[in-house]
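Scroll down for the structure; my scribbles are underneath it.
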Amino acid sequence: MEGVTFGVLGPVVAWDRYGRALALKGPRHRAVLARLIVARRRVVPVARVVEDLWDEPGPRAVGAVQTFVGALRRALEPDRPARAPARLLVTEGPGYALRAAPDSVDAWRFESAVAAAGTLPPAQALERLGSALELWRGPAYAEFAWEEWARGERSRLCELRLQAVEGQARARLELGLAAEAVPELDAHLAEHPWREGAWRLLALALYRMGRQADALAVLRRARELLAGELGMDAGPELRALETDILNQNPNLDPTSPARAAAPAAPAPSPPSAEPLPPALLWTRAVAAYDRTLAAGAKARLESTVGLIRTVAVTADSGPHAAQEHRLAAIAAAEELGDPELTARVIGAYDVPAIWTRSDDPEQARQIVTAARRTLAALTAVADPARSGPHEAARCRLLATIALETRGSRSPAGPRAAREAEEIARRLNDPALLAFALNGTFMQSCTRAGLAPRRDAIGAELVDLSDRHGLVNFAVLGHLIRMQARGALGDFDAADEHAAAVDGLSERHERPLAGAFTQWYRALRLAASGQSARPEAAYRAAAVRLRGAGMPGVERGLLPLARLSLSLAGASASAAEAAELVDTDEDWGPYRPWAEAIAALRTGHHAYARTVLRALPEPPADLLYEALCCLETAVALELGDQAVLERLHTRLLPAAGELAGAGSGLITLGPVDHWLTAITRRS
């Protein structure tokens with residue numbers, strides 16, 4: 001079929017002459033097509049296709065390949081008469097070949113464009129490279145990251161892509177467009193900080209803009225990274241450029257015929273962790289999948305992931321900075337096609353998590369998807385002789401799934417938490433068990449009344465951490481116990497755990513932990529029945545959270561805290577509280593409950609009842625009981641018996657607890673008060 005084109009710079013696809021995607025059926029069909037494209041019009045023997053598609057091919061594997069090829073031929077040449085020979089996917093000798101035209105595969109067009117750009121004047125080269133880079137839709141041969149037959153081609157293409165980006169910058173410099181080259185190079189180096197040629201281009205661009213001091217600062221930064229952290233001296237091009245800038249060599253002038261921009265150099269080996277702020281530059285090394293392709297990529301990636309973890313727990317805005325680059329690190333590991341490496345990269349982010357609502361649900365979904373892919377790949381390559389390491393990797397992946405599905409009510413979360421904990425206990429690995437227990441904690445809000453269970457998890461974490469020096473998980477354990485003892489009304493014990501958190505936070509530079517103890521102390525005032533002082537304390541605590549990179553905690557929390565003060569213990573009616581609800585505020589995930597309260601202002605009970613009955617069950621997080629009580633307040637005001645009966649069933653397991661105090665943030669008073677109010681209304 002004339003006009004068929006193929007895309008491998010991203011997921012493998014084929015399009016007809018009108019640009020419509022062709023139905024290539026299942027993943028094996030696409031694998032056959034991709035394998036033939038990698039062969040670049042050469043014949044691939046059937047036996048080799050079978051070997052590449054199956055780890056342990058069965059007796060019917062050859063027949064299956066023939067079936068896949070037949071289906072591909074029908075998709076690629078639907079108008080070919082029956083029994084007419086194929087013109088595109090042909091049988092030749094012992095196998096098959098894809099006789100695709102040189103310009104019909106995006107990767108081939110990309111290569112040709114990059115090669116041609118090297119012979120063109122700067123303006124034309126810039127245009128050609130820009131068009132070539134637009135062909136990329138994602139990692140090359142994206143769904144075949146694990147396949148050995150695709151690895152070399154993927155690496156080659158991605159390295160070529162890096163060179164194309166640097167070629168664009170070089171062309172801009174040649175055209176006198178230094179100001180346009182600087183942001184491009186800044187972004188490029190944030191993603192690929194070990195490309196020495198790119199540092200040279202950035203410094204040269206800054207110099208040509210009249211920013212000599214900035215150019216020298218860039219070169220110092222590059223030299224420190226290479227020599228101080230990577231154990232390498234800067235190359236001769238960087239050293240010569242620094243000398244030329246200091247001497248204001250006229251050859252650096254854009255009008256000088258002697259000027260030249262050096263080609264990109266290979267990326268050197270990994271950095272080690274370093275205090276912020278320079279660390280933030282290095283964490284961006286994992287901001288794109290293709291920066292791991294030069295020698296030492298795996299080691300660089302693993303060391304950088306360790307740095308991301310450090311940033312997450314030691315910087316004020318650490319969670320945001322770390323999460324920004326975490327997905328890129330995972331994508332980079334998958335790009336290398338090594339499931340064990342990917343498992344380590346995903347599982348290395350064992351940053352203790354205290355809040356049971358995700359900061360970024362979409363990112364969490366992507367991480368869970370990657371973890372599941374990696375679990376499947378590990379199972380496929382399992383080696384009985386290495387069952388210990390494989391089990392530890394599986395445990396970390398399962399714990400990650402438990403952590404990232406928090407608050408979602410996905411049945412996969414509790415299952416993953418149980419299995420991770422079982423593996424960790426079997427392996428008798430304290431650090432692994434602490435990580436698994438964090439996953440168990442995240443899945444401990446599936447119903448009301450589970451504060452005692454969380455208290456037991458926190459107690460084990462504290463004991464485990466004290467015995468094995470796990471500082472981060474010691475902080476987590478004390479925070480969990482602070483929350484749980486607060487829910488159980490044992491504020492003396494909760495105070496002790498809050499003080500322990502503050503002590504650990506100060507000694508080991510864990511600034512974010514203090515945000516939670518500050519909120520707890522505002523809750524402590526609220527639980528004492530005071531009015532003005534708790535609100536001021538809540539406002540001060542909200543300032544501490546601002547910009548910390550935890551939107552799952554921060555968004556909507558302050559207005560929710562103020563509302564909780566007006567309703568604590570059901571001492572005030574929901575109608576009175578409704579006057580305090582400003583729906584123009586950012587209520588974040590709590591908006592549905594705020595709007596249910598606000599609906600009472602209208603005086604139209606039919607409308608308010610409609611809003612009430614549209615409320616979802618609260619998420620499985622630490623504010624489950626609090627949101628149930630808000631719903632109860634509205635249902636009491638409206639006398640909605642059906643809703644009240646449902647809420648009584650939900651809240652009954654938490655009898656004796658303080659509603660919401662298990663969050664360590666707010667409370668709506670004793671659950672017993674709400675249960676009694678429901679009973680009296682029945």
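The values are calculated or read from the model by the stated rules, or taken from the named source; none is laboratory data. All values reported here derive from a predicted model rather than from experimental measurement. Note: ideal-geometry Cβ built from the backbone for every residue, glycine included; neighbour counts use all protein chains shown. Remember, those area values only see protein heavy atoms, side chains included, never the ligands or the DNA or RNA. Shrake-Rupley method; radii C 1.70, N 1.55, O 1.52, S 1.80 Å.
On a 0 to 90° scale, report how tilted helix 451-468 is relative to the longest principal axis of the chain, with both axes built from alpha carbons and the result rounded to the nearest 10.
Result, in degrees: 60.
What percent antiparallel are the DSSP beta bridges of the chain, to the nearest 5?
90 percent
For segment 331-429, just the Cα atoms, rotate onto the principal axes and tell me the three extents in Å, largest first.
Projected onto its principal axes, the Cα set of segment 331-429 covers 39, 32, 22 Å.
In deg cm²/dmol and to the nearest 500, what is the mean residue ellipticity at 222 nm of the chain if only DSSP H runs of at least 4 residues count, each as -39500 (n - 2.57), divided by the residue total?
-19000 deg cm²/dmol
Report, in debye and to the nearest 20, how large the dipole of segment 49-97 comes out about its Cα centre when Lys and Arg carry +1 and Asp and Glu carry -1 on their Cβ.
400 debye
Quick query: amide H of G489 versus all other amide H atoms, modeled in the peptide plane; which residues come in under 5 Å with a sequence gap of 5 or more or a different chain?
Hits under the 5 Å cutoff: L658.
Please state the shape class of segment 557-614: rounded when a/c is under 1.5, otherwise prolate if a/b exceeds b/c and oblate if not, all from the C-alpha gyration tensor.
Oblate is the answer for segment 557-614, as a/c is 1.5 or above yet b/c matches or exceeds a/b.
Run the dipole for the chain about the Cα centre, Lys and Arg Cβ at +1, Asp and Glu Cβ at -1, nothing else charged, and hand back the magnitude in debye, nearest 20.
Here the chain has a charge dipole of around 1740 debye.
Under the classification rounded if a/c is under 1.5, otherwise prolate if a/b is larger than b/c and oblate if not, where does segment 470-561 fall, given a ≥ b ≥ c as square roots of the Cα gyration tensor eigenvalues?
Here segment 470-561 falls in the oblate category.
Which order, highest average first, do 550-563, 86-99, 392-405 follow once you tally other Cβ atoms within 10 Å for each residue and take the mean per peptide?
Highest mean packing first, the order is 392-405, 550-563, 86-99.
Taking N as the number of residues in the chain, what is its Cα Rg relative to 2.2 N^0.38 Å?
This ratio for the chain stands at 1.14.
Quick one: check the C-alpha center-to-center distance for segment 464-481 versus segment 573-607, whole angstrom.
Their Cα centres are 40 Å away from one another.
Rounded to the nearest Å, what's the spacing between the alpha carbon centres of segment 340-359 and segment 384-449? Just the number, please.
Each part reduced to its Cα centre gives a spacing of 11 Å.
Taking a cut-off of 16 Å, what percent of all Cα-Cα pairs in segment 409-468 are separated by more than that?
More than 16 Å apart: 44 percent of the Cα pairs in segment 409-468.
Report the Cα centroid-to-centroid distance between segment 31-97 and segment 645-670 in angstrom, as an integer.
About 62 Å separates the Cα centre of segment 31-97 from the one of segment 645-670.
Under a point-charge model restricted to the Cβ atoms of Lys and Arg (+1) and Asp and Glu (-1), what is the dipole moment magnitude of segment 126-186 relative to its Cα centre, in debye to the nearest 20?
100 debye
To one decimal place, what orientation-averaged projected area in nm² is obtained for the convex hull of the Cα set of segment 5-73?
About 4.9 nm², averaged over all directions.
Please list, in chain and number order, the residues 5+ apart from Y96 or on another chain whose amide H is under 5 Å from its amide H, with Hs placed from the backbone.
Answer set, sorted by chain and number: V44, V46.
How do V62, V4 rank by accessible surface area computed with a 1.4 Å probe, from largest to smallest?
These residues rank, largest area first, as V62, V4.
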